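Q: Here it is, the structure, as structure tokens.
Where a number appears in this text, it was derived from the coordinates with a stated rule and is not lab data. Keep in mind that this is a model prediction, so the values were computed, not measured. Glycine also receives a Cβ, built like all others from the backbone with ideal geometry; neighbour counts cover every protein chain displayed.
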């Protein structure tokens, strides 16, 4: 019984020490990485300054293309392209809206879109 | 003539096989089936299970001194292979998501909870501290680290620990999602995280140097693992040694994987493997994975609260290493509740942090029990 209690205490001590060391080590590393962000990514400093001064963070405004209402020709072309790409009849495709996808979309953002298209979501 | 035939038959495996060896051959065939048909970590489970098969061929004695596998096994016993595997892993890993979101390092640390809770459980089941430390590290979900630590602290359990670690790594998509859903609300799972900032080349080059110095100063026994991981990464990021980077992430890691897998599997001889301890190790390994996942998700929840709902707690489960499978699981679970939500890159941060965290934990356990 005494031995079990001793083992339990030793295990708890090891657990606390181990978790403590790994937490401290990785926290220190995260602080260093934060510092690196301030040195090598000057935009971060600007954002922080704006936040402190209560100024709204400047957002990158992307120019919206002119609204293409009732552009039946464009709808027809996109429907035909999708029909070919998805190997589906055009009668089974309904175009809800058409929006330009900016080139600034990150790679994984585009990957998500492709995945949704493939899964027919 | 008849006597010669009888003598020959006596030297064949058919008349010398024991029941235990037959069981081991059956187990290795089942593992081969899982690896080839079910695709459970095939790159490692195929050599491991075939090594297991070779080690249990009667009279072959491949693992005895002078045997073919004995010499190759020296790379495991002398702790050469796991750091070399890490060299390749480092060359394949992009630490960009981690540098862009440094707080994900804490999630990689929290997921180490599984290691220490399992250490406690193993001690209570009667394993000594060295054995308990080797079993606990399964919770880090990092095969080379588990092998590195076990070969130093409990080489007799190496086969069971390696099989357990790699089997559960393959089962991450089955083990983790129920725990992730149990510990999070739908609202939390639907959080869309801010896009990560771009990371400069300079940061990516400085990162491996800083990590090596910091982690190795703190836990010197982890230097071989961390050092090789970061050297491989420096090869990748510095841009002037492309040949070395390609070799580390292709030819070298493949050759070492063959040596490591086959010889680790070959340690699973009938007398080492067919014990009640093996079943206990398999159960403890499962508990280690579950607790590691829970630890990461719970810290993720805390970060969700502290950040005002900006952090999706699902990225926490990726802290158990198992790169990149655990990050993919976070992504799949998140997309089930909100199609189009893409947290894969955010989950890669804790995922690669988990590799560093597990190596540090191995260093701590070696410092405490390696003497």
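Q: Does chain B come out rounded, prolate or oblate, given a ≥ b ≥ c as the square roots of the eigenvalues of its C-alpha gyration tensor, rounded meaning a/c under 1.5 and, failing that, prolate meaning a/b above b/c?
A: Since a/c reaches 1.5 and a/b is larger than b/c, the shape of chain B is classed as prolate.
Q: Rank these for me by crowding, B:151, B:367, going from fewest to most other beta carbons within 10 Å.
A: Taking fewest neighbouring Cβ atoms as first place, the list is B:367, B:151.
Q: Follow-up. If you count, for every residue in B:200-210, the Cβ atoms of partner chains within 10 Å of its Cβ, what is the mean?
A: If you average over the peptide's residues, the count of other-chain Cβ atoms is 3.
Q: Give me the extension gain from residue A:24 to residue A:77: residue separation times 0.36 nm, minus the current Cα-Cα distance, reported in nm with one decimal.
A: Gain on stretching residue A:24 to residue A:77: 13.3 nm.
Q: Something else about it: Could you grab the relative contact order for the range B:176-332? Cα pairs under 8 Å, six or more apart, rounded to a whole percent.
A: Relative contact order of the range B:176-332: 32 percent.
Q: Next up: Considering every residue in B:63-76, what mean count of other chain Cβ atoms within 10 Å of its Cβ is obtained?
A: Averaged over the peptide's residues, the number is 0.
Q: Report the extension gain between residue B:125 and residue B:8 in nm, rounded to one decimal, defined as 0.36 nm multiplied by the number of residues separating them, less their alpha carbon distance.
A: Residue separation times 0.36 nm, minus the Cα-Cα distance, leaves 37.5 nm.
Q: Could you grab the relative contact order for the range B:1-152? Cα pairs under 8 Å, six or more apart, rounded to a whole percent.
A: 16 percent
Q: Just want to confirm a number: the relative contact order over chain B, from Cα pairs under 8 angstrom separated by 6+ residues, in percent.
A: Answer for chain B is 30 percent.
Q: Related question: Please report, in cubic angstrom per residue, the volume enclosed by the convex hull of the alpha-carbon atoms of the protein assembly as shown.
A: In the protein assembly as shown, the Cα hull volume divided by residue count equals 209 Å³.
Q: Please determine, in degrees from 0 to 90 and to the nearest 10, the orientation of helix B:158-170 with respect to the longest principal axis defined by the Cα atoms of chain B, where the helix direction is its Cα long axis.
A: The two axes meet at around 40 degrees.
Q: For residue B:23 and residue A:9, what does the FRET efficiency come to when R0 = 41 Å and r is the distance between their Cβ atoms, rounded to the nearest 0.05?
A: For R0 = 41 Å, the calculated efficiency reads 0.55.
Q: Within a 10 angstrom radius of each residue's Cβ in B:339-346, how many Cβ atoms of other chains show up on average? Whole number is fine.
A: 4
Q: Is the shape of the range B:89-213 rounded, prolate or oblate, going by the alpha carbon gyration tensor and its root eigenvalues a ≥ b ≥ c, with a/c under 1.5 for rounded and a/b larger than b/c for prolate?
A: In terms of gyration-tensor shape, oblate.
Q: Post the alpha-carbon centroid distance, the range B:246-279 to the range B:340-355, in whole angstrom.
A: 28 Å
Q: If you average the C-alpha positions of the range B:191-243 and of the range B:293-321 separately, how far apart do those two centres end up, in angstrom?
A: 23 Å
Q: What does a probe at residue B:174 reach in the range B:29-54, counting residues whose amide N is under 15 Å from the point 7 Å along Cα→Cβ?
A: It comes to B:30-42, nothing else.
Q: Is the shape of the range B:1-81 best called rounded, prolate or oblate, per the rule: a/c under 1.5 gives rounded, else a/b larger than b/c gives prolate, else oblate, with a ≥ b ≥ c the square roots of the Cα gyration tensor eigenvalues?
A: Oblate, since a/c reaches 1.5 and b/c is not below a/b.
Q: Among A:94, B:197, A:37, which comes first, then next, by fewest other beta-carbon atoms within 10 Å?
A: By the 10 Å Cβ count, ascending, the order reads A:94, B:197, A:37.
Q: Okay, next question. Quick one: B:236, B:328, A:99, fewest Cβ neighbours within 10 Å first, how do they rank?
A: Going from sparsest to densest Cβ surroundings: A:99, B:328, B:236.
Q: R0 = 45 Å: FRET efficiency of residue B:182 with residue B:65, Cβ-based, nearest 0.05?
A: 0.35
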